[in-house]
Amino acid sequence: MNGLPALVVLARNPEAEKVKTRLAASIGDAAATALYRAFLLDLGRRLAGHPAWVLRWAFAPADRPLPAD
């Protein structure tokens, strides 16, 4: 460890019918899930490498972390 505090992002694994359900009612499950995944990837890019913290992810369910692109 490098001694920096951890910034932990809690997120649901992007699975159809489990995320962005109200949006999915308008644009469909696949599109809503893809958008949520894009949100998570963008957030990761924005927060990773910050000099004040180490970025950590906590996904639900814990046994399926977000796969890399």
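The values are calculated or read from the model by the stated rules, or taken from the named source; none is laboratory data. The structure displayed is predicted, hence computed values, not measured ones. Accessible surface areas use protein heavy atoms only, side chains included; no ligands, DNA or RNA. Shrake-Rupley method; radii C 1.70, N 1.55, O 1.52, S 1.80 Å.
Name the residues in region 1-28 that are assigned to a loop (DSSP other than H, G, I, E, B), closer than 15 Å to Pro61 by Cα and open to solvent by less than 90 Å² (accessible area, probe 1.4 Å), would you?
Once the filter is applied, which keeps residues that are assigned to a loop (DSSP other than H, G, I, E, B), closer than 15 Å to Pro61 by Cα and open to solvent by less than 90 Å² (accessible area, probe 1.4 Å), region 1-28 yields Asn13, Pro14, Glu15, Ala16, Val19.
Inside region 12-39, can you point out the residues that are modelled with pLDDT of 95 or more and among the hydrophobic types (A, V, I, L, M, F, W, C)?
Leu23, Ala24, Ala25, Ile27, Ala30, Ala31, Ala32, Ala34, Leu35, Ala38, Phe39, listed by residue number.
Across region 29-69, which residue is farthest from Leu4 (Cα to Cα) among those that are open to solvent by less than 50 Å² (accessible area, probe 1.4 Å) and in a strand (DSSP E or B)?
The qualifying residue farthest from Leu4 (Cα to Cα) is Phe59.
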